[in-house]
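All remarks here apply to the structure that follows.
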Amino acid sequence: MTSYQIYGINGPVVTVRGETQLQMMETVYVGDARLIGEVIGLTKERTTIQVYEETAGLTVGEPVYATGSAMRVLLGPGLLGNIFDGIQRPLPALETKFGAFIGRGAQFSPLDTERTFDVHVCVHPGERLCGGDVYAVCPETDAVEHRVMLAPDLCGTVQSVQPDGAYRVLDTVAVLLTDDGREVELNLTQAWPIRTPRPVQKRLPADRPLITGQRVIDTVFPVAKGGAAAIPGGFGTGKTMTQHQLAKWCDADIIIYVGCGERGNEMTQVLTEFSELTDPRTGKPLLDRTVLIANTSNMPVAAREASIYTGITLAEYYRDMGYHTALMADSTSRWAEALREISGRLEEMPADEGFPAYLPSRLSEFYERAGRTETLGGREGSVTLIGAVSPQGSDFSEPVTQNTKRFTRCFWALDKSLAYARHYPAINWTLSYSEYTGELQNWYRDNVSPEFSGDRDELCALLQEENALLEIVKLIGADVLPDDQKLVMETARVIRVGFLQQNAFHAEDTFVPLDKQFCMMHTILHLHHRAREVVARQIPISALLKTGIFDKLIKMKYEIPNGHPEQFDALIGEIDAAVDGVLR
């Protein structure tokens, strides 16, 4: 293994003097402790390396070993239910050896090489395979079947196969004769460089929603399967809580949760909660279809930058099997801060607020890897990216938030005042938007109701009208408003409290199916339409308010159980009776 000598050390940035044979983005081992690093700059005079581990104690003159390959992740059975650091080292294995603090230079296989899986080899000798074709399957967990695929860059004819049985991940299960005449032993794994998107056959339109069971998302600001969404919000606004709800309830098959630069106690809470949660889809532990990547704020800063790419590569791998995956990145702001720190140590020219000039291109590289696709093997899969952004002081004009808006089509702006008022999810309905609503109209029409999109537009219009009226109310009070505007204010209150606000700790309200969401929205609008008849007859709206029907609609989210949409017919009957009683 070719080696060079360290010339300079500046935090996580290490330099080697003189011309070398190292390649850009090549993985290297730095120092006698063999710390993992990556080449990020090359000139004739100097090679620059960022080290993904703590460099304290490293000295000038220690060796740097070349590996000849880019930073890769090992893909195969055993990923689900595991927790890794930013460079895919398994944290449970590190804890077994080092205890509570990670030792330097630790070399562990990301997958348990001694664990056996019940493998069914589904190809035969003489069969032709190309990249993405499945040649073996095994139950990775009780909830997920792992489909072992041929690496995208291979193509050939199967020479021999092993009988079905118990195999470890590195055991050979088949032999492939490639088109260029090489014999390749196929085991249950493949490696892939984290900065290279995995290839697909074609991209499919974003025309079906990711169902989350959260009304403000599914109905008002939906995200498509294969879409990209941002959750910006200041400290305490509920970014992590919202992502936990999405991870538990969304209809993705696989969840990848990346804790990037977050506080250690927050990641501990994630680990504790995820290990105790029951998957509502299968009744099994939620971890059976989840991969956790933890790179907390006290871990080496350079590894934050790698953790995002590690997570998206794992998501693409399960997408290629034909699964719908969702990646929760919490938070991309900490990842951008790592870029800023490394850029500062490299003495690069800073851009806005000290962030490097290439921040937008790095964000676009990440979010562009989302999508619903037809894979190389002809299956349909998707990667949905949901990135939390932590703008300092809830300032949405800062560079990370603004650049994220350029590359995501769904923006769920969390509001501090809503969070402090215990309105969750604290998504501000005037600052948030979704550009997927037009493309999802046909799906909602065919799968929920032909009236869904029209009702949604009317609901949003009422909220916008209320927002404009609030400016008047602040100046002169609500009493001077005419009755038609008072009606708008009352209906908007029902929408805000009875529809947009959701209780994650209530059995009926933590997840709401789409048919109930539509019925709730339709019932609120039915009350609004009937109440306009009262206003048109110049009867004070207060007469209808005294019947208590508005407050009854606020409670319907608790009182009408999921799966019983027929009970809304009785509620609509009560609305009609109340209005008719006032009109008489």
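Assorted remarks:
- Full-extension gain in nm, Leu545 to Thr59, via 0.36 nm per residue minus C-alpha separation: 167.3 nm
- The 3J(HN,Hα) values that the Karplus relation (6.51, -1.76, 1.60; θ = phi - 60°) gives for region 385-397 are, in residue order, 9, 10, x, 7, 10, 10, x, 5, x, 6, 8, 6, 8 Hz. Gly and Pro appear as x.
- Unit charges on C-beta of K, R, D, E only; dipole of region 22-107, Debye: 140 debye
- Just so you know, the Rg over Rh for region 411-479 is 1.07, from Cα atoms, with Rh as the Kirkwood radius.
- Each residue of region 273-283 is assigned a 3J(HN,Hα), and the resulting list reads 5, 5, 6, 9, 6, 9, 5, x, 7, 10, x Hz, derived from the Karplus form 6.51 cos²θ - 1.76 cosθ + 1.60 (θ = phi - 60°), x at Gly and Pro.
- Antiparallel DSSP beta bridges within the chain, as percent of all bridges there, nearest 5: 70 percent
- Comparing Cα centroids, region 345-393 and region 551-584 end up 45 angstrom apart.
- Efficiency of FRET from Cβ geometry, Glu114 and Gln5, R₀ 51 Å, rounded to 0.05: 0.85
- The share of accessible area on the chain that comes from carbon and sulfur is 50 percent, using a 1.4 angstrom probe.
- Taking amide H as placed 1.01 Å from N in the peptide plane, Val119 has its amide H under 5 Å from the amide H of Gly165, Ala166, Tyr167, each at least 5 places away in sequence or on another chain.
- Relative intensity, log₁₀ I(q)/I(0), of region 365-428 from a Debye sum that treats every alpha carbon as a point, q = 0.12, 0.14 Å⁻¹: -0.44, -0.56
- Over the C-alpha trace of region 450-584, radius of gyration and Dmax come out as 15.0, 45 angstrom.
- Inter-site label distance for Met241 and Ser361 at 7 Å from Cα along Cβ, in nm: 4.0 nm
- In percent, rounded to a whole number, the relative contact order of the chain is 13, using alpha-carbon pairs under 8 Å and six or more apart.
- Estimated inter-spin distance, Thr430 and Asp580, nm [label 7 Å along Cα→Cβ]: 3.9 nm
- Ranking by accessible area, most exposed first, for Met267, Met24 with a 1.4 Å probe: Met24, Met267
- Orientation-averaged projected area, Cα convex hull of region 89-165 (nm²): 7.2 nm²
- Accessible area of His124 (1.4 Å probe, protein heavy atoms only, ligands and nucleic acids ignored): about 120 Å².
- Per-residue HN-Hα couplings for region 572-582 [Karplus 6.51, -1.76, 1.60; θ = phi - 60°; Hz; x = Gly/Pro]: 5, x, 5, 4, 4, 5, 5, 5, 4, x, 6
- Estimated FRET transfer efficiency when R0 is 35 angstrom, pair Leu346-Arg493 (beta carbons, to 0.05): 0.05
- Relative intensity of region 301-437 on a log10 scale, I(q)/I(0) at q = 0.22 Å⁻¹, equals -1.32, per a Debye sum over C-alpha point scatterers of equal strength in the absence of solvent.
- Taking 0.36 nm per residue of sequence separation and removing the Cα-Cα distance, the Glu273/Glu368 pair yields an extension gain of 31.2 nm.
- Amide H within-cut-off set for Gln502, under 5 Å, with H built and near neighbours excluded: Tyr424
- Size of electric dipole in the chain: Cβ of Lys, Arg +1 and of Asp, Glu -1, about Cα centre, debye, nearest 20: 640 debye
- Average projection area in nm² (convex hull over Cα atoms of region 1-144, one quarter of hull surface): 11.8 nm²
- Estimated from helices alone, the mean residue ellipticity of the chain at 222 nm is -10000 deg cm²/dmol (sum of -39500 (n - 2.57) over DSSP H runs with n ≥ 4, per residue).
- Efficiency of FRET from Cβ geometry, Thr96 and Lys284, R₀ 25 Å, rounded to 0.05: 0.50
- Mean-position separation - Cα centroids, region 53-130 and region 264-325, in angstrom: 16 Å
- Only Lys, Arg (+1) and Asp, Glu (-1) charged, at Cβ; region 100-178 dipole about Cα centre in debye: 280 debye
- Within region 26-114, the trypsin sites (Lys or Arg not before Pro) that combine a DSSP coil assignment with at most 15 other C-beta atoms in a 10 angstrom radius are Lys44.
- Accessible surface for region 268-372, divided over its residues, is 33 Å² per residue with a 1.4 Å probe.
The values are calculated or read from the model by the stated rules, or taken from the named source; none is laboratory data. Computed from a predicted model, the values in this text were never measured in an experiment. Methodologically, a virtual Cβ is constructed for each residue, glycine included, from the backbone with ideal geometry; neighbour enumeration extends over all protein chains shown. What goes into the accessible areas is simple: the full protein's heavy atoms, side chains included, and nothing from ligands, DNA or RNA. Shrake-Rupley method; radii C 1.70, N 1.55, O 1.52, S 1.80 Å.
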